[in-house]
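*Asks:* Just dropping this structure here.
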């Protein structure tokens, strides 16, 4: 069964800032890779892929996440591949973490999709459209709220 999980970013949550969002995505990547998942980190374009690549390379020690850009790295790839929707998704990936606003060309190809609903109203509308596409592709839908920080 294919599952699409939308993480609802609540105001004042750990993911309600650029750095907090990056940290939360890394938390999810670590969580899934520890379970043996092979992840495709879907970005909006090549520049966005490069930003994520640089960010992940700066993590050290236990925080480091083995990754490569699409078309680079070892033949079998690393646990995490970073690319944009304009690239062809490697069939060995079983989870897509979608960081692009309107790209869902992988719907129906992978067994699990992770997506996000930001606080911004315009971005929420775009996320609702992605939700509809995943649902029409036959994914079982679930939502998880990223709650507020404890004060």
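The values are calculated or read from the model by the stated rules, or taken from the named source; none is laboratory data. On a predicted model such as this, the values are computed, not experimentally measured, just so you know. With ideal geometry, Cβ positions are generated from the backbone for all residues, glycine too; neighbour counts draw on all protein chains shown.
*Asks:* Which of the numbered conditions does residue 52 fail, given that it passes all the others? Conditions: (1) at pLDDT 95 or above; (2) over 20 Å from residue 21 (Cα atoms).
*Replies:* (2)
*Asks:* Can we say residue 77 is at pLDDT below 85, crowded, with 17+ Cβ neighbours inside 10 Å and at positive phi? Outline the logic, then answer.
*Replies:* Values: at pLDDT below 85: yes; crowded, with 17+ Cβ neighbours inside 10 Å: yes; at positive phi: yes.
It is true that residue 77 is at pLDDT below 85, crowded, with 17+ Cβ neighbours inside 10 Å and at positive phi.
*Asks:* Also: Across the range 124-151, what is the total count of residues that are assigned to a loop (DSSP other than H, G, I, E, B) and either in contact with a helix residue (DSSP H, G or I) (Cβ under 6 Å, 6 or more places away or on another chain) or over 16 Å from residue 12 (Cα atoms) (or both)? Explain how you work it out, then say what you get.
*Replies:* Residues of the range 124-151 that are assigned to a loop (DSSP other than H, G, I, E, B), as a first pass: 137-139, 147, 149-151.
In the following step, the residues that additionally are either in contact with a helix residue (DSSP H, G or I) (Cβ under 6 Å, 6 or more places away or on another chain) or over 16 Å from residue 12 (Cα atoms) (or both) were identified as 137-139.
Looking only at that region, the number is 3.
*Asks:* Within the range 36-48, is there a residue that is free of Cβ contacts under 8 Å to residues at least 40 places away in the same chain and buried (at least 17 other Cβ atoms within 10 Å of the Cβ)?
*Replies:* Scanning the range 36-48, I find no residue that is free of Cβ contacts under 8 Å to residues at least 40 places away in the same chain and buried (at least 17 other Cβ atoms within 10 Å of the Cβ), so the answer is no.
*Asks:* Next question. Looking only at the range 103-123, which residues are in contact with a strand residue (DSSP E or B) (Cβ under 6 Å, 6 or more places away or on another chain) and either modelled with pLDDT under 85 or assigned to a helix (DSSP H, G or I) (or both)?
*Replies:* Selection gives 106 alone.
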